[in-house]
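The values are calculated or read from the model by the stated rules, or taken from the named source; none is laboratory data. Please read all numbers here as calculations on a predicted model, not as lab measurements. Because the Cβ atoms are built from the backbone with ideal geometry, glycine has one as well, and the counts that use them run over all protein chains shown.
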Amino acid sequence: MNDSFIQINGISKHFGNVKAVDDVSFQIKEGEFFSLLGPSGCGKTTLLRLLAGFEYPTSGNLLLDGSDITALPPDKRPTNMVFQNYAIFPHINVEKNVQFGLRKLGLTNDEIIKRVKDVLSLVKLEGYEERYSSQLSGGQRQRVALARALVRQPKVLLLDEPLGALDKKLRDEMQLELRTLQKEIGITFVFVTHDQQEAISMSDRVAVMSEGKIQQMSSPNELYKNPQNIFVSDFIGETNFLKAKTDSKDGEYINVNIEDLGSFKIKNNLNISENASDVICSVRPETMMIDKEKSDWDICLEGIIKQTSYLGEMTKFYVETKEIEKIITVSSQYFDNQSFQDGKCFISINLNDISLLNKK
Amino acid sequence: MEQKNNTLLIYTLLYFAFLYIPVLFLPIFSFNDANYMSFPLSGFTTEHYEEMWAKTNLHKALWASIKVGVVASVVSTTIALFAAKAFARYKFRGQNISYGAIMIPFLIPEIILAVAILVIWLSLGFKLGLVPVTLGHILFCTPFAMLILIARIEGFDFSLEEASRDLGENAWGTFYRVSLPLYLPGIIASLLLSFIISFDEFVLAFFLTGSDATLPMYMWAQMRFIQKLPHVLALGAVIIVFTTFIVLLAFWLRNLGQGKEKAEFGIKIHE
């Protein structure tokens, strides 16, 4: 497998004064399910459109499988796209939609028929050949869009928030299906989404974007457990931020004063220097424990439950403590909103679960 | 409630009577066996129609009107299509000004347009005839064509064109395979309406035709002689029927498929 199948070298795209994509460089591996994740306006869609050829970069270049595609128009690129609104041609039926992109490939009639048949069976749309877009459900349109792109056997499939228009249940199903499909055909997928759960559950690697720049690029696991900065930590999942000050370094550890809790020795993953002074500690709600009794964990605080939200598989507690200014969010699968009648509780934290971040 | 509905109904009937009764006199008198327009009617005849059809000058004028109408509608619809696409698809500097500039012939009194073209045409040393009439009609029809085409192209999902490019078609292939079929009802409506506007146009033709009369010019010339009135009435009746048919066809086409596609494009989600 080629580790630098897609090379994005110093790509910038400016619209007037807006830097939609700001000097971004990274590589995508062959056969990888790669996601571009970020809030609206972070530049992820622009980056995808640059890959498709609908936009041309202000500077930088793009290489695909060793050849420079920076200046190629969309019809000359070995990429195909699944559009956000699917863009199914309304004046021709499903079969003709799927055939649309085969005309210029120089295939024989038999090959065309076979390819269309195979791809329709791949996306489970046999029997829908004669239907028009207006006669299809959202999920079926999405499959047509997928079939129409895949039938050309592109080197890279680009997907622009393809699940955004579907309802939750269907979206979850399609996530699994897309993932299975990608493994089956082995084509490189570049997937754009603003939904962090979607990106995490489907991708081999995720690039988190904000303000035209890549904030962090890593596996979903790494992203969740070792966020590189406050933006990523906040955007991926839910977390509590505690203010802290750095003290002396101790190998891979560093001594940190957390708010009014005292001094603790915490793993220094980002290699923060002892002079950084102000830092942020991030603690995920599910890594903490809430209980009626005091515990022997590294940190244990007494608190009052201010609010709860019951989510079925777990319950979130919003807890006020004497020591920490902010309300702390703790989630628990063991206790629910009925468990604490008087609102009195203890929350416990293990030092291993604290990740240290630079304050921006 | 009942009372109010009746009032509205009477108003509506009066309104239509005001609009159409004068026009209806034309066909009625065209079948009347007399050489002047007055009641009582003196008997049914199709003689005027036979007489009309026998005029070779009329055939010449009809042919001239068709030539001018076809060229003017094709050229103005083509110009309007590109312009409408630019206005609907892109945001650019000077958009409002250029939109206004295209629409102005719509608002300038026709006679001023006619005189302006006449002066320029003659000062360039060209001869009057159907060519300057056609040019004038192109100028005059383009705003109409624009209005029709913008209505069709606005709300068009341009990601369809991107999808076509993405699937290996170049710009022309995309226009031919995706844009054209989807704009087609609007294009045909625009062709038909532009043709009718040109076909019925008098003022520009009056100033610019020279000796090659168009149909309205021919009618005007004939009406100076009382004995020629009946066959002009017959001609007028035929033109009314033809124009009404074309305009209805154009409106039907303009709305064709609109409902279905609007629903289709309605699912577009913006980031």
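Which of the residues spanning the range B:48-74 are assigned to a helix (DSSP H, G or I) and of a type in the set (D, E, K, R)? B:E50, B:E51, B:K60, B:K67, listed by residue number.
Among residues of the range B:174-184 being more than 7 Å from chain A (Cβ to nearest Cβ) and in contact with a helix residue (DSSP H, G or I) (Cβ under 7 Å, 6 or more places away or on another chain), the one that is surrounded by the most Cβ atoms within 10 Å (Cβ to Cβ) is B:T174.
Scanning the range A:181-193 for residues that are surrounded by fewer than 16 Cβ atoms within 10 Å (Cβ to Cβ) and out of contact with any Gly (no Cβ under 8 Å at 6 or more places or on another chain) yields A:K183, A:E184, A:I185.
Condition check ((1) among the polar types (S, T, N, Q); (2) in contact with a Pro (Cβ under 8 Å, 6 or more places away or on another chain); (3) over 22 Å from A:N97 (Cβ atoms)) across all residues:
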{"site": "A:L157", "(1), (2), (3)": "no, no, no"}
{"site": "A:K168", "(1), (2), (3)": "no, no, yes"}
{"site": "A:E177", "(1), (2), (3)": "no, no, no"}
{"site": "A:Q182", "(1), (2), (3)": "yes, no, no"}
{"site": "A:F189", "(1), (2), (3)": "no, no, no"}
{"site": "A:H194", "(1), (2), (3)": "no, yes, yes"}
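Look through the range A:120-179, keep the residues that are among the β-branched types (V, I, T) and under 25 Å from the mean Cα position of the chain (by Cα), and return whichever of them is surrounded by the fewest Cβ atoms within 10 Å (Cβ to Cβ). Ranking the qualifying residues of the range A:120-179, first place goes to A:V123. Residue pairs whose Cβ atoms lie under 7 Å apart, separated by 6 or more positions or on different chains, with the first residue in the range B:12-38 and farther than 23 Å from B:Q227 by Cβ and the second among the hydrophobic types (A, V, I, L, M, F, W, C) and at pLDDT 80 or above, are B:V23/B:I240. Do we have A:Q341 as assigned to a strand (DSSP E or B) and either surrounded by fewer than 15 Cβ atoms within 10 Å (Cβ to Cβ) or under 29 Å from the mean Cα position of the chain (by Cα) (or both) here? In short, no. Number of residues in the range A:293-335 that are under 33 Å from the mean Cα position of the chain (by Cα), loosely packed, with under 14 Cβ neighbours inside 10 Å and among the charged types (D, E, K, R): the value is 4.
Matching residues to (1) away from chain A (no Cβ under 14 Å); (2) of a type outside the set (K, R); (3) within 18 Å of the chain's Cα centre (by Cα):
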site	(1), (2), (3)
B:I196	yes, yes, yes
B:T209	yes, yes, no
B:A213	yes, yes, no
B:R224	yes, no, no
B:L235	yes, yes, no
B:I239	yes, yes, yes
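Only one residue in B:I148, B:I117, B:I153, B:I138 is within 30 Å of A:L72 (Cα to Cα), touching a residue at least 60 places away in the same chain (Cβ under 8 Å) and of a type in the set (V, I, T). Which one?
Only one candidate passes the filter, namely B:I153.
Among the residues of the range A:69-97, write down those that are at the interface with chain B (Cβ under 10 Å from one of its Cβ atoms), among the polar types (S, T, N, Q) and in a loop (DSSP other than H, G, I, E, B). A:Q84, A:N85, listed by residue number. Pairs are defined by a Cβ separation below 6 Å, a sequence spacing of at least 6 or placement on different chains, a first member in the range A:120-147 that is within 14 Å of chain B (Cβ to nearest Cβ) and within 17 Å of A:L166 (Cα to Cα), and a second member that is of a type in the set (G, A, S) and part of a loop (DSSP other than H, G, I, E, B); the pairs so defined are A:G138/A:A165. How many residues are farther than 25 Å from A:G138 by Cα and either aromatic (F, W, Y) or within 14 Å of chain B (Cβ to nearest Cβ) (or both) when one looks only at the range A:98-119? Matching residues across the range A:98-119 total 6.
Going by the conditions given, is A:L37 under 26 Å from A:V206 (Cβ atoms), touching a helix residue (DSSP H, G or I) at 6+ places or on another chain (Cβ under 6 Å) and more than 10 Å from chain B (Cβ to nearest Cβ)? Criteria met by A:L37. Taking the range A:154-195, which residues are at pLDDT 90 or above and over 19 Å from A:L122 (Cβ atoms)? Result: A:D160, A:E161, A:V190, A:V192, A:T193, A:H194, A:D195.
Only one of the numbered conditions (1) within 15 Å of the chain's Cα centre (by Cα); (2) more than 14 Å from every other protein chain (Cβ to nearest Cβ); (3) hydrophobic (A, V, I, L, M, F, W, C); (4) farther than 30 Å from A:N269 by Cβ is violated by A:I214, and that is (4).
If I filter the range A:8-22 for residues that are among the acidic types (D, E), in a strand (DSSP E or B) and surrounded by 16 or more Cβ atoms within 10 Å (Cβ to Cβ), do I get at least one hit? Yes, the range A:8-22 contains at least one residue that is among the acidic types (D, E), in a strand (DSSP E or B) and surrounded by 16 or more Cβ atoms within 10 Å (Cβ to Cβ).
Looking across the range B:145-160 at every residue that is surrounded by fewer than 22 Cβ atoms within 10 Å (Cβ to Cβ) and away from every other protein chain (no Cβ under 11 Å), the one that is modelled with the lowest pLDDT is identified as B:G155. Within the range A:29-72, if we keep just the residues that are of a type in the set (G, A, S), touching a Ser or Thr at 6+ places or on another chain (Cβ under 8 Å) and touching a residue at least 40 places away in the same chain (Cβ under 8 Å), the residue that is surrounded by the fewest Cβ atoms within 10 Å (Cβ to Cβ) turns out to be A:S59.
Yes or no, residue by residue, for (1) of a type outside the set (S, T, Y); (2) out of contact with any Leu (no Cβ under 8 Å at 6 or more places or on another chain):
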site: B:I138; (1), (2): yes, yes
site: B:T142; (1), (2): no, yes
site: B:R152; (1), (2): yes, yes
site: B:L160; (1), (2): yes, no
site: B:L182; (1), (2): yes, no
site: B:F207; (1), (2): yes, no
site: B:I226; (1), (2): yes, yes
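For the range B:161-173, filtered to residues that are buried (at least 22 other Cβ atoms within 10 Å of the Cβ) and out of contact with any strand residue (DSSP E or B) (no Cβ under 9 Å at 6 or more places or on another chain), the residue that is nearest to the other protein chains (Cβ to nearest Cβ) is B:R165.
Residues in the range A:155-180 that are in contact with a Gly (Cβ under 9 Å, 6 or more places away or on another chain) and within 12 Å of chain B (Cβ to nearest Cβ): A:A165, A:L166.
Residue-level check: of (1) in contact (Cβ under 8 Å) with a residue 40 or more places away in the chain; (2) part of a strand (DSSP E or B), A:F335 misses just (2). Among the residues of the range A:44-66, is there at least one that is within 14 Å of chain B (Cβ to nearest Cβ), touching an Asp or Glu at 6+ places or on another chain (Cβ under 8 Å) and among the polar types (S, T, N, Q)? Yes, because at least one residue in the range A:44-66 is within 14 Å of chain B (Cβ to nearest Cβ), touching an Asp or Glu at 6+ places or on another chain (Cβ under 8 Å) and among the polar types (S, T, N, Q).
Checked against (1) hydrophobic (A, V, I, L, M, F, W, C); (2) within 26 Å of A:L136 (Cβ to Cβ); (3) part of a loop (DSSP other than H, G, I, E, B), A:L48 passes all but condition (3).
Sort through B:T243, B:T134 and tell me the only one that's under 30 Å from B:L19 (Cβ atoms) and either of a type in the set (S, T, Y) or touching an Asp or Glu at 6+ places or on another chain (Cβ under 7 Å) (or both).
On the way: B:T134 fails: under 30 Å from B:L19 (Cβ atoms).
Just one listed residue meets the conditions, B:T243.
Counted as qualifying within the range A:111-224 are the strands (runs of 3 or more DSSP E) with 1 or more residues that are among the acidic types (D, E) and in the same structural domain as A:G66 (by TED's automatic domain parsing), namely A:156-160.
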